[in-house]
Each structure stands twice: as C-alpha cells, then as structure tokens.
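A.B. asks: Below you'll find the structure I mean.
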Amino acid sequence: MIRNSLFHYFVSFAIALAMLSCGNSHTKPPKKTNIQSKEFQDKLVDANKMYVKRESDEIDQYVAHQGWQMITTGTGLRYMIIKKGAGRSAKPDSNETVKVKVKFKKSLLDGTLCYSSDSTGAEEFVVGKDNVETGLHEGIQFMHVGDKAVMILPSHLAYGLVGDGKKIPPKASILYELELVSLKIK
C-alpha cells in the first residue's frame, strides 16, 4: 500500500514538473535588436582596448625601470637581442620548415620564475606551427643561431585570459630570456 502511494506521488510530481516546465508557449522572448548587439559589442571592444593599453603601459614602465632599449612590434611584443650569434636566421622562407631548439627562462614581470630549460631541458618547436606561445613564434624569427634575447610577451601573445592552469596566472605578461641553440631546415 505504501509502495503504491509513493509510486503515485512520484508520477504526479513528474507530471506537474513537466507541465510547469512547458510554460506559456504563446509568449515569445523579446527580440534583440541590432542596435543592442552593436552597443554591446562596442562596449566589449572599448573595454578590451582599455585593458590592452593598461597592460602595454605596465610593460613600458617595466622596460624603462630595467633601462632596456627594446623594439616593440605591431602586435605588442617587445624584444632585445643581448648577444649576437653568427648563425642562420630562424625566419623561414616561404617554402621552408624551420625547427628550432632554444634554452629559456620564462618569468612573470614580478620576477617569479615559472619555467626554465635548466630543469626541463631545451625546448624544440617548428616555427609558426607547433603549440607554443604566439609571441614566441613571432619573436624567434628576429633571432639567429647563437643569439641571446630578452622578450616580453603581452598576455594576448602568451597564455591569454586563462593562464596555463599551473604556474602562469590569467592575463599575465611573460618575460622570456632565450638562447637560440640550433635550427634545422626541412
């Protein structure tokens, strides 16, 4: 008897829940207008521009504090060759694939060392193709074998809005100390 009552209770509850979830099918949600969407997009673009400007200013202050004379690219990457090598350029020609091997230290601008080839070994990647930071793909092309460089990757060229989930926090600019050890051309 109790079992039968519980069964009817659950069936009644399920039917009531289904009826409530259907709602009034004659009511349509308000339509978004293009003006609302455009205004929202404009606000997002403005907020993003403001964030990029603030991050760029912070990087410029860091560079000035260090007394460095860095080159800034159109993407916001800053780099400086601190020791010239005599080897070939890492910039691939249109029909080449260039695989590079680099020694590195990767730090936050507050000095926190995140990763280093001293503990992980030299890193190898194909320029423009492998899964490394966009800024690293860009910056390595300014180097020759034997060069040592310092690069600052703004967050949009590094790990972006989410960080790496380990040592690099969201929206972090990254300081790279790099040495281009070797390259192979295919």
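The values are calculated or read from the model by the stated rules, or taken from the named source; none is laboratory data. If you're wondering where the values come from, they're calculated on a predicted model, not measured in any experiment. Here Cβ is always computed from backbone atoms with ideal geometry, including for glycine, and neighbour counts include all displayed protein chains.
A.B. asks: I want to confirm something. Restricting to the range 38-96 and keeping residues that are polar (S, T, N, Q), more than 21 Å from the chain's Cα centre (by Cα) and in a loop (DSSP other than H, G, I, E, B), which single residue is surrounded by the most Cβ atoms within 10 Å (Cβ to Cβ)?
C.D. replies: Of all residues in the range 38-96, those polar (S, T, N, Q) come to 41, 48, 56, 61, 66, 69, 72-73, 75, 89, 94-95.
Next, only the ones that are more than 21 Å from the chain's Cα centre (by Cα) stay: 41, 61, 66, 69, 89, 94-95.
Checking which are in a loop (DSSP other than H, G, I, E, B) leaves us with 69, 94-95.
Working: GLN69: 7, SER94: 4, ASN95: 5.
The qualifying residue surrounded by the most Cβ atoms within 10 Å (Cβ to Cβ) is GLN69.
A.B. asks: Hey, another quick one. Taking the options ASP164, ASP110, ASP130, ASP118, name whichever one is outside any strand (DSSP E or B) and in contact with a Lys or Arg (Cβ under 8 Å, 6 or more places away or on another chain).
C.D. replies: Values: ASP164 fails: in contact with a Lys or Arg (Cβ under 8 Å, 6 or more places away or on another chain); ASP110 fails: in contact with a Lys or Arg (Cβ under 8 Å, 6 or more places away or on another chain); ASP130 fails: in contact with a Lys or Arg (Cβ under 8 Å, 6 or more places away or on another chain).
On inspection, the qualifying residue turns out to be ASP118.
A.B. asks: Another question, if that's okay. Return yes or no: is ILE140 surrounded by 15 or more Cβ atoms within 10 Å (Cβ to Cβ), among the β-branched types (Val, Ile, Thr) and under 22 Å from ASP110 (Cβ atoms)? Explain how you work it out, then say what you get.
C.D. replies: Values: surrounded by 15 or more Cβ atoms within 10 Å (Cβ to Cβ): yes; among the β-branched types (Val, Ile, Thr): yes; under 22 Å from ASP110 (Cβ atoms): no.
No.
A.B. asks: Criterion first (under 16 Å from TYR62 (Cβ atoms) and touching a Pro at 6+ places or on another chain (Cβ under 8 Å)) does GLY135 satisfy it?
C.D. replies: Criteria met by GLY135.
A.B. asks: Give the residue, chosen from SER5, SER25, that is among the small types (Gly, Ala, Ser), assigned to a loop (DSSP other than H, G, I, E, B) and at pLDDT below 95.
C.D. replies: Only one candidate qualifies: SER25.
A.B. asks: Can you report the number of residues in the range 133-160 which are in a loop (DSSP other than H, G, I, E, B) and farther than 19 Å from LYS53 by Cα?
C.D. replies: Just the residues of the range 133-160 that are in a loop (DSSP other than H, G, I, E, B), to begin with: 133, 141-143, 145-147, 154, 158-160.
Right, trim to farther than 19 Å from LYS53 by Cα and you get 133, 141-143, 145-147.
Residues that pass the stated criteria total 7.
A.B. asks: For LYS184, all conditions in the list (1) in a strand (DSSP E or B); (2) surrounded by 14 or more Cβ atoms within 10 Å (Cβ to Cβ) hold save one; what is the number of the exception?
C.D. replies: The single condition LYS184 does not satisfy is (2).
Okay, residues lined up against (1) surrounded by fewer than 17 Cβ atoms within 10 Å (Cβ to Cβ); (2) charged (D, E, K, R); (3) touching a residue at least 24 places away in the same chain (Cβ under 8 Å):
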| residue | (1), (2), (3) |
| --- | --- |
| GLY111 | yes, no, no |
| ASP147 | no, yes, yes |
| GLY165 | yes, no, no |
| LYS171 | yes, yes, yes |
